[in-house]
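K.L.:
Structure in structure tokens, see below.
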Amino acid sequence: MSPSRLRTVRDHIRWAVSRFHEAGLFFGHGTDNAWDDARQLVLGSLHLPFEIADAYLDCRLEEDEQQHLLELIRRRVEDRVPTAYLLGEAWFCGLPFLVDERVLVPRSPIAELIGSQFEPWLPATPMRILDLCTGSGCIGIACAYAFPEAEVVLGDLSFDALEVANHNIERHGLEERVYTVQGDGFDGLPGQRFDLIVSNPPYVDAEDFADMPAEYQHEPELGLACGDDGLDLVRRMLAEAADHLSEKGLLIVEVGNSQVHVEAIYPEVDFTWLEFEQGGHGVFLLAASQCREYQKLFRSRLKG
Ligand SMILES: C[S@@+](CC[C@H](N)C(=O)[O-])C[C@H]1O[C@@H](n2cnc3c(N)ncnc32)[C@H](O)[C@@H]1O
């Protein structure tokens, strides 16, 4: 790669788009097309905001800036590293988060629910929130902004992920009311109850996992795959949720394409499947009363 005639920001974005198309890259880590991905990579590498006035696109790059950017484009194209990892940063709910290969790149449609403070679903302002399977902490930290009085717990099995989440808590200055707990599912939270439990757990089934584009191989497998039907952890969460929700609490869980498996395993359960204007699917909601009502059934469908 020695594009000697590239000068401006615009030139570099255009050139990157051509290389991305030529290489047949996959886009699914915060962008869904080559233009947005290239714009994010070029502007991010120059420490410029994504929404920049058009006039600035005609500014020229310094030589060292160009060398750095060309190396990032090379790694995006040849190694298929997602742009967010190359920049060490991803945006979620309009907030910046440190991300690296210890955590998934934030992209959950749950962002849209947080943006509308879970309207019309929450019966009252939640005072205790749990983000189970927190990864970078993006969902829980965004909830802390949405509900400034709430205490927020970020749970994850991975110590590596929790290091990133702790960094993001500090970055957002939320140490006083947001904290991390390590554990397998609810194991690290005995006796604790929450008004809102929100989770984007690993849920990719074995078939989808085998077909995932190369970009996903940079993400931790623990954050994606979870047994044949993807629901090993979700089954356990359902069986235990009633013990961790307050009287009128809510459980909101993303299961993506594994929605079909949820519906097949629990045909008796009246899950509310949430709808999204900005894209996304496979997120269900259960009230605490439903978690209590179906707890026996959820327990009876645990594996093994
Ligand atoms: C799909 S990622 C979600 C990360 C983050 N919530 C997001 O939306 O970007 C799932 C996370 O679940 C964690 N995880 C996997 N198995 C777990 C378990 N048994 N108990 C708790 N966390 C688990 C992984 O370490 C990973 O960080």
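The values are calculated or read from the model by the stated rules, or taken from the named source; none is laboratory data. Note that the structure is predicted; figures quoted are calculated from it, not measured. As a convention, Cβ positions derive from the backbone with ideal geometry for all residues, glycine included, and neighbour counts pool all protein chains shown.
K.L.:
Looking at Glu149 and the list (1) out of contact with any Ser or Thr (no Cβ under 8 Å at 6 or more places or on another chain); (2) in a loop (DSSP other than H, G, I, E, B); (3) more than 18 Å from Leu104 (Cβ to Cβ); (4) of a type outside the set (A, V, I, L, M, F, W, C), which single condition is not satisfied?
P.N.:
Every listed condition holds for Glu149 apart from (1).
K.L.:
Kindly provide the set of residues from segment 170-184 that are at negative phi, surrounded by fewer than 23 Cβ atoms within 10 Å (Cβ to Cβ), more than 8 Å from the ligand (Cβ to nearest atom) and not polar (S, T, N, Q), ordered by number.
P.N.:
Result: Glu170, Arg171, His172, Leu174, Glu175, Glu176, Arg177, Tyr179, Val181.
K.L.:
Let me ask you something else. I'm trying to understand the selection: among the residues of segment 102-124, which are in contact with a Phe, Trp or Tyr (Cβ under 6 Å, 6 or more places away or on another chain) and charged (D, E, K, R)?
P.N.:
Answer for segment 102-124, where residues must be in contact with a Phe, Trp or Tyr (Cβ under 6 Å, 6 or more places away or on another chain) and charged (D, E, K, R): just Glu112.
K.L.:
While we're on this one: Taking the condition of a type in the set (D, E, K, R), assigned to a loop (DSSP other than H, G, I, E, B) and within 13 Å of the ligand (Cβ to nearest atom), does Asp187 pass? Reasoning before the result, please.
P.N.:
Numbers: of a type in the set (D, E, K, R): yes; assigned to a loop (DSSP other than H, G, I, E, B): yes; within 13 Å of the ligand (Cβ to nearest atom): yes.
When the stated conditions are applied, Asp187 passes them.
K.L.:
Filter segment 251-264 for residues that are hydrophobic (A, V, I, L, M, F, W, C) and buried (at least 19 other Cβ atoms within 10 Å of the Cβ) and give the result.
P.N.:
Leu251, Ile252, Val253, Val255, Val262
K.L.:
Taking the options Leu154, Leu122, name whichever one is within 15 Å of the ligand (Cβ to nearest atom) and either outside any helix (DSSP H, G or I) or under 22 Å from His29 (Cβ atoms) (or both).
P.N.:
From the options Leu154, Leu122, the qualifying one is Leu154.
K.L.:
State whether the residues of segment 140-152 include one that is among the aromatic types (Phe, Trp, Tyr), free of Cβ contacts under 8 Å to residues at least 40 places away in the same chain and either within 19 Å of Ile252 (Cβ to Cβ) or assigned by TED's automatic domain parsing to the domain that holds His244 (or both).
P.N.:
Yes - at least one qualifying residue is present in segment 140-152.
K.L.:
Show the residue pairs meeting these rules: Cβ distance below 7 Å; 6+ apart or different chains; first residue within segment 198-213 and over 30 Å from Phe147 (Cβ atoms); second residue assigned to a helix (DSSP H, G or I).
P.N.:
Asp205/Ser258; Asp205/His261; Asp208/Asn257
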